[in-house]
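*Asks:* Have a look at this one.
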Amino acid sequence: MSARQPTQHVASYYAASANPGPERPSVSGRVECDICVVGAGFTGISAALHLAEQGQSVVVLEAARVGFGASGRNGGQLVNSYSRDMDVIEAKYGEETARALGSMAFEGNRIIRDRIAQYGIACDLKEGNIFAACNAKQLEGLREHQALWQRYGHDQLELLEGEAVKREVGSSRYTGALIDHSGGHIHPLNLVLGQAAAFESLGGVIYEQSPVTQLTHGEPVVLTTPGGEVRAQRVVLAGNAYMQGVEPRLESKSMPCGTQIITTEPLDEATARALLPNDMAVEDCNYLLDYYRLTADNRLLYGGGTSYGGQDLASIEAVIRPKLLKTFPQLADIKVDYAWSGNFLLTLNRLPQFGRLNDNVYFAQGYSGHGVTCSHLAGKLIAETMRGESERFDAFAGLPHLPFPGGRLLRVPFSALGAWYYSTRDKLGI
Ligand SMILES: Cc1cc2nc3c(=O)[nH]c(=O)nc-3n(C[C@H](O)[C@H](O)[C@H](O)COP(=O)(O)OP(=O)(O)OC[C@H]3O[C@@H](n4cnc5c(N)ncnc54)[C@H](O)[C@@H]3O)c2cc1C
């Protein structure tokens, strides 16, 4: 039998600038443990670290490397709240649910900052994120957004209109912008690697190159990998868009989607400051949004686009570069050093899916494009519920979720059609 080739991080700016860390062994033979977490992204590592801090004995199984999935290759933007905002939650699921979710909407961001401070994680934290309006309708939306978040106690927002936007973004594309001074941006791969090291410093064990190929429910739960099996009393499934074929129930009401990022050569200080004078992260308000920020070494990291179903594009630069130049035409001659894509997991209502498959198998997934902060919250709530305090986890677990229209066969073209409709409205400003 030929040896399995190890799977490394995607060739990204993040992998090229990752802090040094160990390559962990894969599972060999039989491993017994109290809690097994499947997936070493933000969700899995956040849960593992919170559980280890509670004194639990935890093993993490990762198919490739820590941070291989979306967590190690995303836009790095610390965006508060959820992909569907509180007004929709209020309208669809009622006041009580909205109050519960609203009380946690800004917590993931705080958890990340606590982690960075507590464990001294070097991940290029910078302050502030901006929502940029491309037309009058979107600016009106930002005004409502500000009022909404203020109602939930978040007062670190500042609205800019017209030319004032240029104070923060050197682009003529925008009619307005909302700054969240409590948001920010980070090097996501280094954030997850730093938390993995913190978990290991507390006695936690991580196996890399250990994809779970089969899960057999029971007491214990048996997790089969190519090199051996893990028997665990309790399991956390945190494979998000990258977990396929392990548990059909987790795939039935969600859809993997791809999004792409390019990163330029380093810009000189004056050019960088002209683009983003105060070095904040930006995402626009379009349905298919663009998102960008400067890295620690002044590269412009620019992402956008969504491919439903998560298929890789033939040429990422050909798709993303025109978007970058639409925002910053002054960069026409810039060289692109890195281009990569990654998958996030979309749900129909854009709200995350937390829950239990059995009394001893928990899951959290489906942050629908805004998962950096919420995945950290998910990890904390999983640890809470595993020590018997399940009220906050259950506020999410109680949300109803539906399959995408069209089923597995037609959900991709149906969603692409929906996205075309909404992005056409964005272009028309209606
Ligand atoms: C390109 C891109 C840009 C993004 N930008 C932003 C952003 O700027 N801000 C924001 O808030 N959100 C962003 N997101 C979303 C965010 O990155 C994700 O929501 C979040 O990282 C999800 O974390 P996770 O741990 O749940 O999943 P992942 O990080 O995908 O981790 C899942 C892990 O599970 C492992 N795994 C899967 N199956 C198995 C198995 N069978 N056995 C063992 N291991 C397994 C995978 O290898 C992977 O490492 C972006 C996503 C992408 C793809």
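Quick note: the coordinates plus some simple rules give every number you see, no bench work behind them. As the structure is a computational prediction, the values presented were derived from the model and not from experiment. When we count neighbours, we look across all protein chains shown, and the Cβ atoms used for this are built from the backbone with ideal geometry, even at glycine.
*Asks:* Quick one: compute a quarter of the convex hull surface over the Cα atoms of segment 234-389 and quote it in nm².
*Replies:* Orientation-averaged projected area of the Cα hull: 11.1 nm².
*Asks:* Would you mind counting up the charge near Arg392? Only other residues with Cβ under 11 Å from its Cβ, with Lys and Arg at +1 and Asp and Glu at -1. Mind dumping the intermediate values first?
*Replies:* Numbers: positive: Lys380; negative: Glu107, Glu384, Glu389, Glu391, Asp394.
Summing Lys and Arg as +1 and Asp and Glu as -1 gives -4.
*Asks:* Additional query: Considering only Gln138, Gln54, Gln260, give the residue with the highest GNM mean-square fluctuation for the chain, with springs between Cα atoms whenever their separation is below 10 Å.
*Replies:* Most flexible of the set in this elastic network: Gln54.
*Asks:* Applying the Karplus parametrisation 6.51 cos²θ - 1.76 cosθ + 1.60 with θ = phi - 60° to the phi angles of segment 5-11, what ³J(HN,Hα) value in whole Hz is obtained for each residue in order, glycine and proline being reported as x?
*Replies:* Couplings: 6, x, 9, 9, 4, 4, 6 Hz.
*Asks:* For Arg273 paired with Ala332, estimate the spin-label separation in nm (one decimal), with each label point 7 Å from Cα along the Cα-to-Cβ line.
*Replies:* 2.6
*Asks:* Within segment 257-275, which residues have the backbone N less than 17 Å from the label spot 7 Å out from Glu317 along Cα→beta-carbon, could you tell me?
*Replies:* Flagged as within label range: 260-267.
*Asks:* For the pairs Lys92/Lys253; Lys126/Lys166; Lys253/Lys323; Lys137/Lys335; Lys92/Lys126; Lys92/Lys326, note any where the Cα-Cα span goes beyond 25 Å.
*Replies:* Pairs exceeding the cut-off: Lys253/Lys323; Lys137/Lys335; Lys92/Lys126; Lys92/Lys326.
*Asks:* Which shape class, rounded, prolate or oblate, goes with segment 45-150 when its Cα gyration tensor gives a ≥ b ≥ c as root eigenvalues, a/c under 1.5 marks rounded, and past that a/b bigger than b/c marks prolate?
*Replies:* prolate
*Asks:* I've got another one for you. Give me, ordered by chain and number, the residues 5 or more places off Asn360 or on other chains with an amide H under 5 Å from its own placed amide H.
*Replies:* Residues meeting the amide H criterion: none.
*Asks:* Along the Cα-to-Cβ line of Gln5, 7 Å from the Cα, sits a label point; which residues in segment 52-72 have backbone N less than 19 Å from it?
*Replies:* Only 63-66, 68-69 fall inside the zone, counting backbone N under 19 Å.
*Asks:* How big is the gap, in Å, between the Cα center of segment 237-298 and the Cα center of segment 128-149?
*Replies:* 19
*Asks:* From the C-alpha gyration tensor of the chain, pull out the three semi-axes of the equivalent ellipsoid (sqrt of 5λ each), sorted largest to smallest, in whole Å.
*Replies:* On the way: eigenvalues 231, 117, 88 Å².
Over the Cα atoms of the chain, the ellipsoid semi-axes are 34, 24, 21 Å.
*Asks:* For Glu96 and His217, FRET efficiency with R0 = 35 Å and r from the beta-carbon atoms, rounded to 0.05? Before the final figure, lay out each step's value.
*Replies:* Working: r = 32 Å, r/R0 = 0.91.
For His217 and Glu96, the calculated efficiency is 0.65.
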